[in-house]
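First the structure, in the form of structure tokens, and then the observations on it.
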Amino acid sequence: MATMIESLIALHPTAEWEWQGDGTDYAKLNWLDESISKPAEADINNKKSALESAAPMEALRAQRNEKLAECDWRASSDVTLDDPWKTYRVALRDLPSTSSSPTLDSNGVLGNVTWPTEPS
């Protein structure tokens, strides 16, 4: 789950500011950057919602990339990649477009994804 601090960093990664306390009370945000206007609380909350909405797909891509990396050696120039592995790797690369509604629970566990079966 995204925090207000992460959301503020995503909105203005180079801005200078400090947040008193735990970063949940907008009134305690001290904006130090004179070159960038302090974002409204609604802007920070909107960014927080956007980050939370994007998190499941980002987790899917990260896990997919790990699975691709684990079998990259099979696609090196001195190894002939057989059809089951080609099909598996294509299915992994296609996952973001074929998994329209992945979920992420409060423990960060990805759900609602059908992973292709790795060939034996």
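Please work out if ARG61 is charged (D, E, K, R), in contact with a helix residue (DSSP H, G or I) (Cβ under 7 Å, 6 or more places away or on another chain), surrounded by 10 or more Cβ atoms within 10 Å (Cβ to Cβ) and closer than 26 Å to GLU6 by Cβ.
Against the criterion (charged (D, E, K, R), in contact with a helix residue (DSSP H, G or I) (Cβ under 7 Å, 6 or more places away or on another chain), surrounded by 10 or more Cβ atoms within 10 Å (Cβ to Cβ) and closer than 26 Å to GLU6 by Cβ), ARG61 qualifies.
With respect to the numbered conditions (1) part of a helix (DSSP H, G or I); (2) of a type outside the set (S, T, N, Q); (3) out of contact with any Leu (no Cβ under 7 Å at 6 or more places or on another chain), which one is the sole condition not fulfilled by ARG74?
Here ARG74 clears every test but (3).
Hey, among the residues in the range 77-87 that are more than 28 Å from the chain's Cα centre (by Cα) and assigned to a helix (DSSP H, G or I), which one's nearest to PRO116 (Cα to Cα)?
PRO84
Just one of (1) modelled with pLDDT of 95 or more; (2) over 23 Å from the mean Cα position of the chain (by Cα); (3) small (Gly, Ala, Ser) trips up ALA50, so point out which.
(2)
Has the range 47-56 got at least one residue that is of a type outside the set (Lys, Arg), surrounded by 15 or more Cβ atoms within 10 Å (Cβ to Cβ), in contact with a strand residue (DSSP E or B) (Cβ under 8 Å, 6 or more places away or on another chain) and under 20 Å from VAL113 (Cα atoms)?
yes
Between GLU66, GLU118, GLU58, which is over 16 Å from LEU8 (Cβ atoms) and part of a loop (DSSP other than H, G, I, E, B)?
Matching residue, one of GLU66, GLU118, GLU58: GLU118.
Six or more apart or on different chains, Cβ under 6 Å: which pairs go from a residue in the range 15-40 that's at positive phi to one that's part of a loop (DSSP other than H, G, I, E, B) and surrounded by 12 or more Cβ atoms within 10 Å (Cβ to Cβ)? Could you list them?
Taking only residues 6 or more apart or on different chains, not a single pair turns up.
Scan the range 64-95 for residues that are surrounded by 11 or more Cβ atoms within 10 Å (Cβ to Cβ) and either hydroxyl-bearing (Ser, Thr, Tyr) or in contact with a helix residue (DSSP H, G or I) (Cβ under 6 Å, 6 or more places away or on another chain) (or both) and jot them down.
If the condition is that a residue be surrounded by 11 or more Cβ atoms within 10 Å (Cβ to Cβ) and either hydroxyl-bearing (Ser, Thr, Tyr) or in contact with a helix residue (DSSP H, G or I) (Cβ under 6 Å, 6 or more places away or on another chain) (or both), then ARG64, LYS67, LEU68, ARG74, LEU81, TRP85, THR87, TYR88, LEU92, LEU95 are the ones that fit.
Report, by residue number, each residue of the range 1-40 that is assigned to a helix (DSSP H, G or I), of a type outside the set (Ser, Thr, Tyr) and under 23 Å from the mean Cα position of the chain (by Cα).
MET4, ILE5, GLU6, LEU8, ILE9, ALA10, LEU11 - these are the residues of the range 1-40 that are assigned to a helix (DSSP H, G or I), of a type outside the set (Ser, Thr, Tyr) and under 23 Å from the mean Cα position of the chain (by Cα).
When you scan the range 78-93, do you find a residue that is closer than 30 Å to LEU11 by Cα and either at pLDDT below 90 or of a type in the set (S, T, N, Q) (or both), even just one?
No, that holds for no residue.
Consider ALA42 carefully, then state whether it is of a type in the set (A, V, I, L, M, F, W, C), at pLDDT 95 or above and exposed (fewer than 13 other Cβ atoms within 10 Å of the Cβ).
Against the criterion (of a type in the set (A, V, I, L, M, F, W, C), at pLDDT 95 or above and exposed (fewer than 13 other Cβ atoms within 10 Å of the Cβ)), ALA42 qualifies.
The values are calculated or read from the model by the stated rules, or taken from the named source; none is laboratory data. Keep in mind the model is a prediction, meaning the values are calculated, not measured. Please note: Cβ atoms are built from the backbone with ideal geometry, for glycine as well, and neighbour counts cover all protein chains shown.
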